[in-house]
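See structure below.
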Amino acid sequence: MPGATASSLKRFNSSAEVFASAATGDDNIIDKSSAIEKYLKRLGRSVTIIKNGSETELFAVIEQTWKRNKSRFEKSISPIGRYYNGYYIYYGPSSFDITGLGDEDFAIIDGKKYYFIQSECVKVSGVIQYYRGVLKKEQEDINDELVSSY
């Protein structure tokens, strides 16, 4: 290629490898789940998921939704006219499937209890890369706090 620099040739060759592997069905380059899991361990928080009474410890990234414009996951408002803002987005490893969690299953993050209200897997070329879900923080009963404070 006339006028090409060494760095642009490297980018071209790596792009060509990706396209060639996709054409031949080689999913090693497309499957980034192990790299994602490595970043989750480095950047994420420790999460314990209780499923059917058994505990699984893993690392996941948890993001508050109140920073987003569309963060209302409930159709109804509270008696005083406000929405509950205790929702979080969960990004977790492909090694633990959260799509099969039931209503009695929950996650513990920093000693607080969360329930999954939505979950999905993120796939590239049919390979699961990571899981994404919406967590709802368990609401503390205000009456219990008032009684325990006296």
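The values are calculated or read from the model by the stated rules, or taken from the named source; none is laboratory data. From a predicted model like this one, the values you see are computed outputs, not experimental measurements. Glycine also receives a Cβ, built like all others from the backbone with ideal geometry; neighbour counts cover every protein chain displayed. Side chains included, ligands, DNA and RNA excluded: accessible areas come from the protein's heavy atoms. Shrake-Rupley method; radii C 1.70, N 1.55, O 1.52, S 1.80 Å.
Structure notes:
- Test set (1) closer than 25 Å to LYS32 by Cα; (2) at pLDDT below 90 - LEU101 fails condition number: (2)
- Pair list, Cβ under 6 Å, 6 or more apart: the stretch 101-120 residue within 20 Å of PHE59 (Cβ to Cβ), other residue of a type in the set (Phe, Trp, Tyr) and open to solvent by less than 50 Å² (accessible area, probe 1.4 Å): LEU101/PHE116; ALA107/TYR114; LYS113/PHE106; TYR115/PHE106
- A count restricted to the stretch 90-114 and to residues that are part of a strand (DSSP E or B) and either among the acidic types (Asp, Glu) or buried (at least 17 other Cβ atoms within 10 Å of the Cβ) (or both) stands at 8.
- Taken as a whole, the structure leaves ILE128 outside the set of residues that are open to solvent by less than 30 Å² (accessible area, probe 1.4 Å) and at pLDDT 90 or above.
- Every residue from the stretch 14-67 that is at pLDDT below 85, more than 24 Å from LYS136 (Cα to Cα), out of contact with any strand residue (DSSP E or B) (no Cβ under 6 Å at 6 or more places or on another chain) and not aliphatic (A, V, I, L, M): SER14, SER15, GLU17, PHE19, SER21, THR24, GLY25, ASP26, ASN28
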